[in-house]
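The values are calculated or read from the model by the stated rules, or taken from the named source; none is laboratory data. On a predicted model such as this, the values are computed, not experimentally measured, just so you know. Every residue, glycine among them, receives a Cβ derived from its backbone with ideal geometry; neighbour counts consider all protein chains shown. Areas reflect the complete protein model, heavy atoms only, side chains present, ligands, DNA and RNA absent. Shrake-Rupley method; radii C 1.70, N 1.55, O 1.52, S 1.80 Å.
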Amino acid sequence: MTVDARPPDDDVAMVESGVAPTEGIGAVTASSSETVVDGVARRAAGFDVLSMVVIPSIGFVVALVVGGVLISLIGEQPLDVYADVVDGVFFAPRGLSDTATAATPLLLIALGYAFAYRARVFTIGAEGQYVVAAAAGVGAVTAPGLRDLPGLPLVVVGLVTAAVAGAAWSAICAVLFVRFRANVVISSLMLVYIGQAVLQWATRVGIRDPESFVPASRDLGSAELPTVPGTSVHVGFVLAVAMVPVMTWVLARHRLGFRVRALGHNPDALDANDVPARSIIVAVLVVAGALAGLAGFVEIAGVNGRLNDAASVGYGFGAIIVALVGRLHPVGVLIAALLLGGLDIGFEVAARSSDLPTSMAGLVQVLIVVFVVAGDALLERRRGLH
């Protein structure tokens, strides 16, 4: 976590003058030597094949090797386990469909993280935005007078409501920062716990199904997402994939994307254009929250059919790994989401045919991040010596 070495007044003055300082505005921006995400954000400003492609690939391979060693210590054969993983993803009847379904919320949330991190705005609160938006979206589509609408209009109502709710929940962090200079990392994390309390209230009181014996919302009915013809993948996956070129275009071609990249790479460019850095901070937090909100409704409407206490399963935290491994590029995020979704599905299959713990997928994911980060550090050190 960054320690502000400058007087607070200097910090506020820089933000108010439109310059996004590269250190000392809480956890919103941070020195590249003090945070891993900041280093990835800097390198994402340009396309370096070594940093963007080679290092993640090597990190993935090394993580599998180390994971294989750990699997052998458990008493299983690593090659057999990895064969089961591959079989579970590519050859099982629903392997690819389940992978796409598992990747959908990770992809949407990670796209929001990548957008914010490109501006070096470090929020980690998507889990709270996810559950609050899910509750809001489900509440809207199951409300008396609305639940009788046809399927397509009802789905649109749910998506819009969830996106607005997620954006509003994330905007609380933006207001706290702009008004009180509250640390965005801390405020976004604290809002996760408040969001989970909102979820508990919603499933027990606010939108509870009176006929259910356990805390759960009313059934979504015609608001449930249909599947893609010929597959068992809900159309939410199509929506998530469609956001990849949209976010790529925004970052590369849109004025907001230019300002986001400027704040992350060269804050002086914003000052030259008289654009307050705090307005960009608010914008990226709102966009990230809206994408997390979409993920919340899509998951409930596409998979579960109703909201319950188990809706908070950690997608908001897992998506941080996806954003980092994807190098904060929308296409990379798509690949990373499918990769990590495939690991989850594959290791579930492998665990059923061995004594392998189901947590092994999470361990391998963490190893991937560790070795990718280590590769980044070695690359930075090597370049620093030349």
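Look at Ala202 and say whether it is open to solvent by less than 10 Å² (accessible area, probe 1.4 Å), at negative phi and in contact with a Phe, Trp or Tyr (Cβ under 8 Å, 6 or more places away or on another chain). For Ala202, the condition - open to solvent by less than 10 Å² (accessible area, probe 1.4 Å), at negative phi and in contact with a Phe, Trp or Tyr (Cβ under 8 Å, 6 or more places away or on another chain) - is not met. The lone criterion from (1) under 20 Å from Ile280 (Cβ atoms); (2) assigned to a helix (DSSP H, G or I); (3) in contact with a helix residue (DSSP H, G or I) (Cβ under 8 Å, 6 or more places away or on another chain) left unmet by Arg179 is number (3). Of the helices (runs of 4 or more DSSP H) lying entirely inside the range 74-166, those containing at least 3 residues that are closer than 25 Å to Gly305 by Cβ span 95-118, 126-141. Here Phe371, Phe317, Phe347 are screened, and the one residue that is aromatic (Phe, Trp, Tyr) and surrounded by fewer than 21 Cβ atoms within 10 Å (Cβ to Cβ) is Phe317. So which residues in the range 350-368 are of a type in the set (Val, Ile, Thr) and surrounded by 19 or more Cβ atoms within 10 Å (Cβ to Cβ), if there are any at all? Hits for the range 350-368 are Val364, Ile368. Residue count for the range 167-183 satisfying the condition of being within 15 Å of Glu127 (Cβ to Cβ) and among the hydrophobic types (A, V, I, L, M, F, W, C): 3.
When Leu378, Leu324, Leu363 are screened for being in contact (Cβ under 8 Å) with a residue 24 or more places away in the chain and farther than 18 Å from Ala126 by Cα, only Leu363 passes. From the list Pro276, Pro330, the lone residue that is open to solvent by less than 60 Å² (accessible area, probe 1.4 Å) and at pLDDT below 90 is Pro276. Out of everything in the range 292-310 that is open to solvent by 10 Å² or more (accessible area, probe 1.4 Å) and of a type in the set (A, V, I, L, M, F, W, C), what residue ends up being modelled with the highest pLDDT? That would be Leu294. Can you name the residue in the range 50-99 that is of a type in the set (Gly, Ala, Ser) and in contact with a Pro (Cβ under 7 Å, 6 or more places away or on another chain) and is also surrounded by the fewest Cβ atoms within 10 Å (Cβ to Cβ) among such residues? Once the filter is applied, the top-ranked residue is Ser72.
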